[in-house]
């Protein structure tokens, strides 16, 4: 029956599945499809790994930023407290208000 068709080295001839249907697979195309699917899977895996590494680096950066922010807030609070102490001392010692100069002289007498 199939003896009139030439058999080539590039394709594989499957048996007849039905009276009107036969399956021919080109080996070159099959290899290209396998290589294409392998490349797509490899690309997907590389993208997934890259996304995971970016998520991990973002998480570590976020924790580092939080640590630096708390450190900065503590330093600023200490600096503000020191400046408030200096301001209180300057107000007490220098007395730059000219209206209160007479009050000190009156109190001393």
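State the extension gain, in nm to one decimal, for the chain segment bounded by residue 72 and residue 32, taking 0.36 nm per residue of separation less the distance between their alpha-carbons. Spell out each step's value before the answer.
On the way: separation 40, 0.36 × 40 = 14.40 nm, distance 5.87 nm.
This chain segment gains 8.5 nm when fully extended.
Kirkwood Rh over Cα pairs of the stretch 29-71 into Stokes-Einstein at 10 °C, 1.306 mPa s: D in µm²/s?
Values: Rh = 12.8 Å.
Using the Kirkwood radius from Cα pairs, D works out to 124 µm²/s.
Taking the simple approach of a point 7 Å from Cα along Cα-to-Cβ for both residue 53 and residue 40, what is their distance in nm?
It works out to 2.5 nm between the two label points.
Just so you know, all these numbers are worked out from the coordinates, no wet-lab data involved. Please read all numbers here as calculations on a predicted model, not as lab measurements. In this analysis, Cβ positions are derived from the backbone assuming ideal geometry, glycine residues included, and neighbour counts consider all displayed protein chains.
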